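What follows is a single structure, and I will ask about it in a moment.
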Amino acid sequence: MHIEQKTNKVKKAEKKQRRSLAIIKADCNVSQSDSPTLYLAILNVGLSNGLSEEALLTAAAATGGQVSQVLMLPSKSYCFLMCTTLADAQLVYDGMHNRATIGQKGAVAYLSYVLELPQQREENGWQKPLPGGLVLLPDFVSEAEEAALLEAIAVGTASPTDSLKHRQVKHFGYEFLYGSNNVNPLQPLEQGIPAACNFMWERLELPAFEPPDQLTVNEYEAGQGIPPHVDTHSAFKDPILSLSLQSDVVMDFRRGDQLVHVLLPRRSLLVMSGESRYDWTHGIRPKHIDVVATPSGSLTTQARSKRTSLTFRRLRRGPCDCQYPTLCDTQQTATPQERYASHTLATSCRVPELF
């Protein structure tokens, strides 16, 4: 009886494989391989029926195999993996095929080796160079300094009006007005940036650096994020500094169809200047688990925990004269004559990027 049940299970899996492979062949012109390859198709689970990249990588990691690329196609009930080595692919296949319960309502996943990935393969945002002017400084503050900073900013004392839908927020120096994405330079707050932050400016050693006069503190619970945005050009100067405390997180930078993932380690400082400050949006996806790249280039998952970010800015007293008009509020609202005059001034007084 046991042998008969096992045989039926294998036959069912083979039937599912044949049917799903025919669909994938018609959709993507991807063919099955009779022998192991680096490429695996998950035949019956994808974005359209609720599979997340994080859940897929968690299941793959449980087999002991390493994955270097995940390809999930919009509105499809299948997806693909590229493994680091042939041995990794075999581990993932043997450990997941007809075993991993990652389908809807705990349904098992069916896998197959394939000869290639689809031509519409998504770009890997982990393999891209950082946007120009973006610098990440790991371990910028020590654990003791982290504790002192958290005590100095005391987010827990924020008033109810300082609570946004996706996070707790507190301002120092000037209030950032989320309705207009701006500040009122004529209305400084009573509480300036805490003196506990001052040690960081000497540590930065930036040329012609003006210490910030505005600080926004955001406290994120695991799973919370912030939509893609660019800090208003006319409101703040260059650079913008972001210090991550208590937890790592992945931040996405986008410009047009370009996407770059940046892992912000706990206690790191991110410096956004030049192109990265003015011409790219940045945001954090709302999720509990991040997909991150390992030193070897493979992908894995990393759980988030409560995170506090300190964003330091310097107010701009006047219109923006940057070289990046696409996201510039000053240049988008200016007349053609004003834009020409601003461009002429900017190019004649060009200041090099900080990095």
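Values in this text are rule-based calculations from the coordinates and carry no lab data. Just so you know, these numbers come straight off a predicted model, no measurement behind them. Counting neighbours? That spans all protein chains shown, and the Cβs are built from the backbone with ideal geometry, glycine included.
Could you tell me the relative contact order of segment 151-276? Use alpha-carbon pairs under 8 Å, at least six residues apart, and round to a whole percent. If you can, show how the numbers build up before the last one.
On the way: 148 pairs, mean separation 27.3, N = 126.
This gives 22 percent for segment 151-276.
About the Cα centre, and with charges only on the beta carbon of Lys, Arg (+1) and Asp, Glu (-1), how big is the dipole of segment 134-348? Nearest 20 debye, please. Could the numbers behind the result be given before it?
On the way: 20 positive and 25 negative charges, 92 e Å.
My answer is approximately 440 debye.
If you rank Phe176, Phe209 by fewest surrounding Cβ atoms within 10 Å, what's the result?
Working: Phe176 21, Phe209 14.
Listed from fewest to most nearby Cβ atoms, that is Phe209, Phe176.
Go from 0 up to the bin containing the longest alpha carbon distance in segment 16-145, width 10 Å each, and give me the % of pairs per bin.
Per 10 Å bin, starting at zero, the Cα-Cα P(r) for segment 16-145 comes out as 12, 41, 26, 11, 8, 1 percent.
Please report Lys11, Lys170, Lys76, Lys128 as a ranked list, fewest other C-beta atoms within 10 angstrom at the top and most at the bottom.
Values: Lys11 10, Lys170 22, Lys76 19, Lys128 14.
Listing Lys11, Lys170, Lys76, Lys128 from fewest to most nearby Cβ atoms yields Lys11, Lys128, Lys76, Lys170.
Glu202 to Thr294: FRET efficiency via 1/(1 + (r/R0)^6), r the Cβ-Cβ distance, R0 35 Å, to the nearest 0.05? Don't skip to the end; give the middle numbers.
Numbers: r = 34 Å, r/R0 = 0.98.
It comes to 0.55.
Additional query: Subtracting the Cα-Cα distance from 0.36 nm times the residue separation, let me have the gained length for Asn182 to Ser142 in nm, one decimal.
Details: separation 40, 0.36 × 40 = 14.40 nm, distance 3.19 nm.
Net length gain for the segment: 11.2 nm.
May I ask you to derive the FRET efficiency for Lys11 and Gln119 from their Cβ-Cβ distance with R0 = 35 Å, giving the value to the nearest 0.05? Numbers along the way, then the final one.
Working: r = 33 Å, r/R0 = 0.94.
Here the calculated transfer efficiency is 0.60.
A further question follows. Tell me which residues come under 5 Å, amide H to amide H, from Arg316 once H is placed; ignore anything under 5 positions away on its chain.
Phe236, Lys237
Determine the relative contact order of the chain: mean sequence separation of Cα pairs under 8 Å and six or more apart, normalised by residue count, in whole percent.
Numbers: 697 pairs, mean separation 60.0, N = 355.
Rounded, it is 17 percent for the chain.
Go through Lys128/Lys306; Lys170/Lys287; Lys11/Lys105; Lys128/Lys170; Lys11/Lys128; Lys25/Lys128 and tell me which ones have a Cα-Cα distance over 32 Å in this structure. The partial results should precede the final answer.
Numbers: Lys128/Lys306 28 Å; Lys170/Lys287 23 Å; Lys11/Lys105 21 Å; Lys128/Lys170 34 Å; Lys11/Lys128 43 Å; Lys25/Lys128 30 Å.
Going by Cα-Cα distance, Lys128/Lys170; Lys11/Lys128 fall outside the 32 Å limit.
Return Arg285, Arg304, Arg277 ranked ascending by Cβ neighbour count within 10 Å, so the fewest neighbours appear first. Each step should come with its number before you reach the end.
On the way: Arg285 15, Arg304 20, Arg277 27.
Taking fewest neighbouring Cβ atoms as first place, the list is Arg285, Arg304, Arg277.
Per-residue HN-Hα couplings for segment 130-146, Karplus 6.51 cos²θ - 1.76 cosθ + 1.60 at θ = phi - 60°, whole Hz, x for Gly and Pro?
Ordered by residue, 3J(HN,Hα) equals 5, x, x, x, 9, 10, 10, 10, x, 6, 5, 10, 7, 5, 5, 5, 4 Hz.
Residues with amide H under 5 Å of Val30's amide H, sequence separation 5 or more or different chain, H placed in the peptide plane at 1.01 Å from N; which?
Under 5 Å from the amide H of Val30: Lys25.
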